[in-house]
Amino acid sequence: MQLPFHNRTEAGRLLGATLARRDWPKDSIVLALPRGGVPVAFEVARALGLPLDVIVVRKLGVPWQPELAMGAIASGGVRVLDQQLIRMEGISQEDIEAIATREEQEAERREQLYRAGRPSLLELLNRTVILVDDGLATGSTMLAAVKCVKTLQPSAVIVAVPVASRQACAHIREEADECMCLAAPKLFRAVGEWYQDFRQTSDAEVRDLLRQPAC
């Protein structure tokens, strides 16, 4: 695998081509973590001929270093916290609750915006779910997504990403049925370093992709 990827679309096409080598149950579904995971997941869903939906998960950033995840939240009250990092950074419970409250409000805003009247994500019983993001650094956001999806009793939860840290892959494999990753570089600082074009995906782009038929 030659890195960096040009952009999320290219990464999604490469990931989709790899996943297409397997036979997937006909009722499988691809779930994207917005916003950056949606362009990747759109290409995956198209390659596999499967429906695409989103699962809104929000990272809980360290107060003085927001890009560093101390945890994540997902629908249904799911909360994942990196207790070791929290202790090391000396983050108070008050700070955690304040950030969690703010991110829960943002998650609700995005849920309403992206769904635009479509029903909430409920029908996952006995289905194979393929969770897709543009990459995994700490893995905490994806871990929250996995835990949220598992409450809806799918038959299997597969995590698929173009690039991830080896540590994140190890964490995800403890919770998901499988973690598929095109590249896991030994030295990993941030997901963005593995893309030539890592500009932020907008809400408008997410809505546009979700309106298009992926399959």
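No value in this document is a laboratory result; all are computed from the given coordinates. All figures in this text were calculated on a predicted structure; none of them were measured in a lab. Cβ: placed from backbone, ideal geometry, glycine included. Neighbour counts: every protein chain shown.
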Treating the beta-carbon of each Lys and Arg as +1 and of each Asp and Glu as -1, no other charges, what is the dipole magnitude of the range 161-215 about its Cα centre, to the nearest 20 debye?
200 debye
Run lengths n ≥ 4 of DSSP H only: what is the helix-derived mean residue ellipticity at 222 nm for the chain, with -39500 (n - 2.57) per run over all residues, to the nearest 500?
-12000 deg cm²/dmol
Relative contact order computed over the chain (Cα-Cα under 8 Å; 6+ residues apart), in percent
27 percent
Let me know the charge dipole size of the chain about its Cα centre in debye, to the nearest 20, where only the beta-carbon of Lys, Arg (+1) and Asp, Glu (-1) is charged.
480 debye
Among A11, A20, A144, the residue with the largest mean-square fluctuation in a Gaussian network model of the chain built from Cα contacts under 10 Å is A20
For the residue pair A190 and T101, what label-to-label distance in nm results when each label sits 7 Å from Cα along the Cα-to-beta-carbon direction?
2.9 nm
Once each part is reduced to its C-alpha centroid, what is the distance from the range 53-75 to the range 136-215 in angstrom?
13 Å
Cα centroid separation - the range 93-128 against the range 23-45, whole Å:
18 Å
Can you tell which of E174, E103, E94 shows the greatest fluctuation in a Gaussian network model of the chain with Cα springs below 10 Å?
E94
For G71, other-chain or 5+-apart residues with amide H closer than 5 Å (H placed, Pro excluded) are L60, D82
With x for Gly and Pro, the residue-by-residue ³J(HN,Hα) of the range 57-74, computed from phi through the Karplus equation 6.51 cos²θ - 1.76 cosθ + 1.60 at θ = phi - 60° and given in whole Hz, is 10, 10, 6, 9, x, 4, x, 9, 8, x, 6, 8, 7, 9, x, 7, 10, 9
Across bins of 5 angstrom width beginning at 0, how are the C-alpha pair distances of the range 1-47 distributed, in whole percent?
5, 23, 29, 23, 14, 5, 1
Given the Cα-Cα distance of A116 and Q200 and 0.36 nm per residue of separation, how much length would full extension add, in nm?
28.1 nm
Along the range 94-109, Karplus-curve 3J(HN,Hα) (6.51, -1.76, 1.60; θ = phi - 60°) to the nearest Hz, with x for Gly and Pro, reads 4, 5, 4, 5, 5, 5, 4, 4, 5, 6, 5, 5, 5, 4, 5, 4
Among DSSP bridges having both ends in the chain, what percentage is antiparallel? Round to the nearest 5.
35 percent
How much length would be gained if the chain were fully extended between R211 and A156, taking 0.36 nm per residue of separation minus their Cα-Cα distance, in nm to one decimal?
17.2 nm
From the backbone phi of the range 200-208, what are the Karplus-calculated ³J(HN,Hα) couplings (6.51 cos²θ - 1.76 cosθ + 1.60, θ = phi - 60°) in whole Hz, Gly and Pro given as x?
5, 6, 8, 4, 5, 5, 4, 5, 5
If the reach is capped at under 20 angstrom between alpha carbons, list the lysines near K59, excluding any in the same chain fewer than eight residues apart.
K147, K150
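How big is the charge dipole of the range 1-83 about its Cα centre, in debye rounded to the nearest 20, if each Lys and Arg gets +1 on its Cβ and each Asp and Glu gets -1 on its Cβ?
For this selection, approximately 60 debye.
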Can you give me the long-range amide H partners of S28? Hydrogens built in the peptide plane at 1.01 Å from N, cutoff under 5 Å, separation of 5 or more residues or another chain.
T128
List every residue whose amide H lies under 5 Å from the amide H of M180, counting only residues 5 or more places away in sequence or on a different chain, with H placed 1.01 Å from N in the peptide plane.
V159, A160, V161
